[in-house]
Every structure is written in structure tokens, then in C-alpha cells.
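Encoded as C-alpha cells, the structure appears first; notes follow it.
The values are calculated or read from the model by the stated rules, or taken from the named source; none is laboratory data. Just so it is clear, the model here is predicted, and its values are computed rather than measured. Cβ placement follows ideal geometry from the backbone for every residue including glycine, while neighbour counts extend to all protein chains displayed. Accessible surface areas use protein heavy atoms only, side chains included; no ligands, DNA or RNA. Shrake-Rupley method; radii C 1.70, N 1.55, O 1.52, S 1.80 Å.
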Amino acid sequence: MQTSIGENISLARTFLEKGEVVAVPTETVYGLAANALDPEAVIRIFEAKQRPQFNPLIVHCKNWETAMHYTERVPEIAHRLAKAFTPGPITFLLYKKSTIPDLVTAGSDKVAIRIPKHPLTQALMEQLSFPLAAPSANQFGYISPTTARHVYDSLNGKISYILDGGESEIGLESTIIGFDDEENILLYRSGGIAIEALEEVAGKKILPSQKNDENKPQTAGQLASHYAPGIPLYLGDIETLHNRFSDKKMALISLDNPYSHLSFLHRYTLSASGNLHEAARNLFSTMRLADRSGVDVILAEKMPEVGLGIAINDRLNRAQVIFK
Ligand code: TXA
Ligand code: MG
């Protein structure tokens, strides 16, 4: 299969209407999209991505009203958060109607709903009569793509078309939340919207979701090893790690401190001004660069545990080599 890249919305639409898979830009990361209401089209996503089918997909709708056609028993607090944060980098776990195939939710009675903000994908969805199921457009387990080129690098030959919308503005996947029967808000994955911002609008604390609770399937965001580069990445105190790997070729990923007194083959600072939004936007491209930089190990610094720093640390933590 020949993979082309372009900005042609009608071409993307034609492929999608034929039940094919198209990579689309979103403000978080690129998605690998297909008709969410057509199980045969959805199967093609799992094939292209080599993703296990027990892993459910987010359903992308053009607006909240449309999303309400596919969901039920939506709590009041969800409406309120949607009003404040959609379109945008947030995903809601809501009870699904039967029009959403079980394949999309991996058998769960809840569907993940997101309203992406990217203008090109918004314009595309305007022209479609169905919502788009889409995971991040990377090979399963690898770093999520934030440019059309990233998508091409991992899915060339496996999909027909990549809709090129430039670099993703947020650079981290969406924040995923769900609700219990008491209208508590549960966090399933930290992401592009800061927890503090959600709590401010909700007027209450967001609770951690229980792993292995009845709310199966688990989100892949909860799998320990994910978003992983091929070269071992270690997260922690840079001086200590540098000592430990002094005989190896090292790359550094830090927020703004270049650690100039230590020697590195490559140094990547995520934001010279220490801005966590900028750092989030640069994170995945930087991880890809470091992964190809010819070093033996990547040393990453922990971000401050506030705002988007929480989600960045989560991704770095999951990309790292876990000691048993
Ligand atoms: O920003 C994003 O969320 C991007 C863009 C493309 O929208 N999408 C994304 O999709 O990150 P993916 O598939 O890489 O991650 C979605 C996560 C997975 O961990 C999946 O298990 C979880 O959402 N998920 C999807 N549907 C679910 C469901 N019904 N119940 C529980 N978890 C679900
Ligand atoms: Mg993913």
C-alpha cells in the first residue's frame, strides 16, 4: 500500500467512507482514524497499529451534542466539564449506546468520547456522517506521533493517507476521566488538560481511578511499559544517573537546566524558559530524537509535579526501564 501525505480533506473523507484508515492531526497527538460505527473499518486500525484488540479506542465526535447520540446516562458534571473544556484535550468515559460496536470498547459498557480541536480534523468531521474511532497513530507501545512525519516513519505502507495538520499544539495525549455513581470524577490518564484546571471548574477533587477495578478493560495508559523508546531511558536525579553510567554514551532530556558541568553526547532541554506547556509540546519529538542519537542510554530529569508536569512525568516514567 502506498502512503501519501497531504492536506486534502475530501481525499481523507473518501478513504474513510470506503472503510479505510486515515491518520488525522489533533491538538494532542495524531490519531489513526476509521469509521467508529463500522467494525470492519475498526479492525483495520488494530491491524495497522499491531495493537491487541482487548485495548479499546477513543471515539472522536465533532461536538458534544453529536457525542450525546452515542452515549447515555451522562452525569451533570460531565456536561459541565464538556462545556468548559471541549473541543480540547480531554476524554470522557461514558455509558455507550448499542450503536457503538463492542470492538471499539473491547466489550466494556462505557465508551471513551473526545471532541478534538484541530481545525483540519474539525472540518473533516463536519463532512462525515459518522464519528471516528482513533488511537494514537504509532506502532503499539512506541512514542505517540506529533507530526505527519512521525506517523509516516512508523506506518508507511500500512495506511493510505496521512492528513497533515502540522505539529500538534499540545503534544501530549488527552486527559482521560470517568465518573462513578456518586458523580465523583476519576482520573484514568493524566494528559493535555491539567488536573488543577479540571478541579477548579468541577469544584472538587479528582480521584485516582482504581486499577483492576470492575471498570475493565484497563486503559493502556495504565500499562507500565508504554510510550517507550528503543534505547533505555532512566528517569531520576541526573547527577546520580550520570555517575552510574559514566562509561556509556549518554543523552540528556531536561526541562531547562543543561547540566553544563556534566558531559553528554547530546543534550535536549524541553523548554529554555522552563515553561511546562512548551515542554509538553516538545516531549515526544525529543524522545524520538534522543532515541536515534546513537547513545547507549537516555537520562531524563523529573519535571515539577504541577500542571502538565504531572502528565510529562507520567510519560517519562512509563518510558523508563523498570527495575524489578
Ligand atoms: O489525545 C488522545 O487521547 C489521542 C488522540 C488521537 O485523540 N488518542 C489516544 O488514544 O491517546 P490511545 O488509544 O493511544 O489511548 C487511549 C486510551 C487507551 O489507554 C485506552 O485503553 C483507553 O484510552 N480507552 C479507550 N476506550 C476506553 C474505554 N471504553 N474504557 C476504558 N479505557 C478506554
Ligand atoms: Mg497510544
Taking only Cα atoms and a 10 Å spring cutoff, compute GNM fluctuations for the chain and point out the largest among ALA290, ALA123, ALA228.
ALA123
Under a plain spin-label model, where a point goes 7 Å from the Cα along Cα-to-Cβ, how far apart in nm are GLN127 and THR14?
1.0 nm
When the solvent-accessible surface of protein heavy atoms is calculated with a 1.4 angstrom probe, in what order do GLU278, GLU126 fall, highest first?
GLU126, GLU278
Among VAL297, VAL22, VAL151, determine the one that fluctuates most according to a GNM of the chain built with springs between C-alpha atoms less than 10 Å apart.
VAL297
At R0 = 45 Å, FRET efficiency that the Cβ-Cβ distance of ASN243 and ASN156 yields, to 0.05
0.65
Mind giving me the nanometre distance, one decimal, between the label points for LYS205 and SER4, set 7 Å out from Cα along Cα→Cβ?
5.5 nm
Between region 145-184 and region 56-93, what is the C-alpha centre distance in whole Å?
17 Å
Rg/Rh (Cα only; Kirkwood hydrodynamic radius) as it applies to the chain:
0.97
The chain - mean residue ellipticity at 222 nm from DSSP helices (-39,500 (n - 2.57) per run, n ≥ 4, rounded to 500)
-8500 deg cm²/dmol
Set of aspartates and glutamates with alpha-carbon distance to LYS97 below 15 Å, sequence-local pairs under 8 removed:
ASP38, GLU65, GLU72, ASP109
Rounded to whole Hz, the Karplus (6.51, -1.76, 1.60) HN-Hα couplings of region 19-28, x for glycine and proline:
x, 8, 9, 10, 7, 10, x, 10, 5, 8
What does the charge dipole of the chain about its Cα centre add up to, to the nearest 20 debye, if the Cβ of each Lys and Arg holds +1 and the Cβ of each Asp and Glu holds -1?
600 debye
Which of the listed residues, PRO258, ILE206, PHE130, is farthest toward the dipole's positive end in the chain, when Lys, Arg count +1 and Asp, Glu count -1 at the beta-carbon?
PRO258
Could you sort 235-242, 280-287 so that the peptide with the highest average Cβ count within 10 Å comes first and the rest follow in order?
280-287, 235-242
Quick check: at a probe of 1.4 Å, how many percent of the accessible area of the chain sits on carbon and sulfur atoms?
49 percent
For ILE185, list long-range residues whose amide hydrogen, built 1.01 Å from N in the peptide plane, is under 5 Å from its own amide hydrogen.
LEU207
Counting each pair of different Cα atoms once, what's the Kirkwood radius of region 1-116 in Å, rounded to one decimal?
14.9 Å
In the chain, what % of DSSP beta bridges are antiparallel (nearest 5)?
45 percent
Just reorder ASP181, ASP296, ASP109 by solvent-accessible area, largest first, 1.4 Å probe, all chains present.
ASP181, ASP109, ASP296
Could you pull out every residue, at least 5 positions away or on a different chain, whose amide H is within less than 5 Å of the one on LYS110? Hs are placed 1.01 Å off N in the peptide plane, and Pro or chain starts have none.
LYS96
Relative to the chain, whose Cα atoms define the longest principal axis, helix 76-85 and its Cα axis are tilted in degrees, nearest 10, by 60 degrees
Sorted by average packing, counted as other Cβ atoms within 10 angstrom per residue and highest first, what order do 83-90, 166-173, 130-137 take?
130-137, 166-173, 83-90
The pairs in LYS83/LYS205; LYS62/LYS110; LYS83/LYS302; LYS62/LYS204 lying past 24 Å Cα-Cα in this model are LYS83/LYS302; LYS62/LYS204
Ranked by GNM mean-square fluctuation in the chain (Cα springs under 10 Å), the top entry among SER263, SER154, SER108 is SER263
Calculate, for the chain, the solvent-accessible area per residue in square angstrom, rolling a 1.4 angstrom probe over the heavy atoms of the protein chains.
43 Å²
For ARG149 and GLU183, compute 0.36 nm times the residue count separating them, minus their Cα-Cα distance, and round to one decimal in nm.
8.1 nm
